[in-house]
Amino acid sequence: MLTTRTRIAAGVTAAATAGALALGVSLAPADAAPPAAAAPVAAAALAEPPVFTATLDRAYETFDANQGVAVDDRYFYVVDNRRITKHDRASGQPLLQFAAESSSPMIHMDSGVVVNGKLYAAHSNYSDSPMESSVEVFDTRTMKHVNTYSFGISRGSLTWLDRFDGAWWAGFANYDIVPNGQTKPYGETYNTQVVKLGDHFQVVEAWTIPKPILDRFKPMSNSGGS
């Protein structure tokens, strides 16, 4: 178990260092394009994905919205590299915060998802080498760290995680950038993968990402997918 501390964050002044955090976005399909002439099956596989429009429902000022956000029916959880802050959805007020100790190996949480009262955070040692990743689990009621699932030295940096259709889905990012003090690209963008995982985060299947999308990622990678 990692050494951690949980502290009350109520009353913290919300400085908008990362801008407003938007929640409750409603989506609606954009106007459909007129029907096109019949095309070969191979061409249909390359069709553009559907386009959606969004309407802002509400926004909150937050002081540490630097990586991602997880949401349940009453709260939202702002994810930073080494801390996660629980906020009330009705008021935006910060309530509790997990903060990793300075000696903790927990250094780069990137996003999170809430499933059955637990917050599952995607974590890696970015930008250290070799690349290591894990899933860090928190009790949403107390914001205490309760479990770790380690991938060890694996497919890249775990940047996002979600639960869908009876499985876990995850993004392992790789980058063309060369980190400070290193001489090689950080994994190379073309090695970015989407992975399907079982209940205990064992790998079931894995896919690469189409080259046209990877070309748009370069020199960075995929840091969001849920």
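The values are calculated or read from the model by the stated rules, or taken from the named source; none is laboratory data. All values derive from a computational prediction rather than experimental measurement. Counting neighbours? That spans all protein chains shown, and the Cβs are built from the backbone with ideal geometry, glycine included. Protein only, heavy atoms only, side chains kept; ligands, DNA and RNA dropped before computing areas. Shrake-Rupley method; radii C 1.70, N 1.55, O 1.52, S 1.80 Å.
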Q) Mind checking which aspartates and glutamates have their C-alpha under 16 Å from LYS118, skipping anything on the same chain fewer than 8 residues away? A) ASP72, ASP73, GLU136, ASP139, ASP162, ASP199
Q | Charge tally in the Cβ shell below 13 Å around LEU158, where Lys, Arg are +1 and Asp, Glu are -1, LEU158 excluded | A | -3
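Just add up the charged neighbours of PRO219: K/R +1, D/E -1, any other residue whose Cβ is under 12 Å from the Cβ of PRO219. Working shown, then result.
Values: positive: ARG216, LYS218; negative: ASP176, GLU188, ASP215.
Summing Lys and Arg as +1 and Asp and Glu as -1 gives -1.
Among 214-223, 200-209, how do they line up from the highest to the lowest mean number of other beta-carbon atoms within 10 Å? Walk me through the numbers before you get to the answer.
Details: 214-223: 16.1, 200-209: 12.1.
Ranking the peptides 214-223, 200-209 by packing returns 214-223, 200-209.
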Q.
Going by amide H atoms built from the backbone, whose H comes under 5 Å of the H on SER154, apart from near neighbours?
A. SER133
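Per residue, what accessible area does segment 66-167 have, given a 1.4 Å probe and all protein chains present, in Å²?
Working: 4200 Å² over 102 residues.
Heavy-atom SASA per residue in segment 66-167 reads 41 Å².
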Q: Can you tell me the order of 184-196, 110-122 when each peptide is scored by its average per-residue count of other Cβ atoms within 10 angstrom, highest first?
A: 110-122, 184-196
**Q.** J(HN,Hα) series, segment 145-155, from Karplus relation 6.51 cos²θ - 1.76 cosθ + 1.60, nearest Hz, glycine and proline x
**A.** 6, 10, 6, 9, 10, 9, 9, x, 7, 9, 7
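Among rounded, prolate and oblate, which fits segment 119-220 when a ≥ b ≥ c are the square roots of the eigenvalues of its C-alpha gyration tensor, a/c under 1.5 means rounded, and a/b larger than b/c means prolate?
On the way: a/c = 2.27, a/b = 1.43, b/c = 1.59.
Oblate, since a/c reaches 1.5 and b/c is not below a/b.
Would you mind counting up the charge near VAL178? Only other residues with Cβ under 14 Å from its Cβ, with Lys and Arg at +1 and Asp and Glu at -1.
The answer is -1.
Pop out the carbon and sulfur fraction of the accessible area of segment 86-226 as a percent, whole number, probe 1.4 Å.
On the way: 3350 of 6770 Å².
Ligands and nucleic acids excluded, carbon and sulfur give 50 percent.
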Q.
Checking the cross-link filter: which aspartates and glutamates have an alpha carbon closer than 15 Å to that of LYS218, excluding same-chain neighbours under 8 positions apart?
A. ASP176, GLU188
Q | Karplus (6.51, -1.76, 1.60) ³J(HN,Hα), θ = phi - 60°, over segment 101-118, in Hz, Gly and Pro reported as x | A | 5, 4, 8, 6, x, 7, 10, 8, 7, 10, 6, x, 8, 9, 9, 6, x, 10
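Evaluate 2.2 N^0.38 Å with N set to the residue count of segment 82-169, then give the Cα radius of gyration divided by it. Write out the running numbers ahead of the final one.
Values: Rg = 13.5 Å, N = 88, 2.2 N^0.38 = 12.1 Å.
Rounded to two decimals, the normalised Rg is 1.12.
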